[in-house]
Amino acid sequence: MTRFLSLMLEREGYAVQAAHSAAEALQKVRQEAFDVVITDLRMPDGDGIKVLEAAQKSGSVGPFAASLEALIAIGHADQNKYDEAAKHAQLAADKARFPADKDIYRADVARMLALAGKKEEARKIWAELASRPESPVWGEAHVRLGELEAAIAAKN
């Protein structure tokens, strides 16, 4: 797959540096800034989340900082690490430049907290998002808020 993607991108005129392991990818992103990093989440010698985090620490992500945090959050969620996913989704919200993006990432935080069993924390976020009709997640916030309030009431 690495060779295929490399050939496709090179044919389109892109300069490509391929890595065939997590260790090799980590070495490359620590030594050089890249415009794009394509990685698998799971590799025999490591995971792509660490590669993305190393790319982030290189300081070359610029306007993509929020998107990169969101990708890291998704990677953690894929591994059922919901607390870690919520942390990175919150970082994405903090780094987002536009209010709508901030709300979308905050909704991700609430979803991850609910999956982590932190329903009261998730409820607070959904309540805040439900209070703003201009939010792109306003409708979902009302639905999730109702679900969480019912779950919390049933628990008490």
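The values are calculated or read from the model by the stated rules, or taken from the named source; none is laboratory data. All values derive from a computational prediction rather than experimental measurement. Using ideal geometry, Cβ is built from the backbone for each residue, glycine included, and neighbour counts are taken over all protein chains shown.
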Margin query: With crowded, with 19+ Cβ neighbours inside 10 Å and either in contact with a His (Cβ under 8 Å, 6 or more places away or on another chain) or not acidic (Asp, Glu) (or both) as the only criterion, which of Ala77, Ala153, Ala127 stands out?
Written below: Ala77
Check: What residue, among those in the stretch 130-150 that are under 20 Å from Ala70 (Cα atoms) and aliphatic (A, V, I, L, M), is surrounded by the most Cβ atoms within 10 Å (Cβ to Cβ)?
Finding: Ala141
Check: Within the stretch 135-156, can you find the residues that are outside any helix (DSSP H, G or I) and more than 13 Å from Ile104 (Cβ to Cβ)?
Finding: Asn156
Next item on the list: Give the residues of the stretch 1-50 that are touching a helix residue (DSSP H, G or I) at 6+ places or on another chain (Cβ under 6 Å), outside any loop (DSSP other than H, G, I, E, B) and surrounded by fewer than 13 Cβ atoms within 10 Å (Cβ to Cβ), sorted by residue number.
Entry: Arg30
Item checked: Selection status of Glu53, surrounded by 20 or more Cβ atoms within 10 Å (Cβ to Cβ), over 21 Å from Leu145 (Cα atoms) and acidic (Asp, Glu) -> no
Next item on the list: Please find, among Asp108, Asp103, the residue that is over 13 Å from the mean Cα position of the chain (by Cα) and crowded, with 19+ Cβ neighbours inside 10 Å.
Entry: Asp103
Check: Among all residue pairs at least 6 apart or on different chains, which show Cβ distances below 6 Å where the first residue, located in the stretch 75-104, is within 24 Å of Arg132 (Cα to Cα) and the second is at pLDDT 95 or above and among the charged types (D, E, K, R)?
Finding: Ala89/Asp108; Ala93/Lys102; Ala93/Arg106; Ala96/Lys102
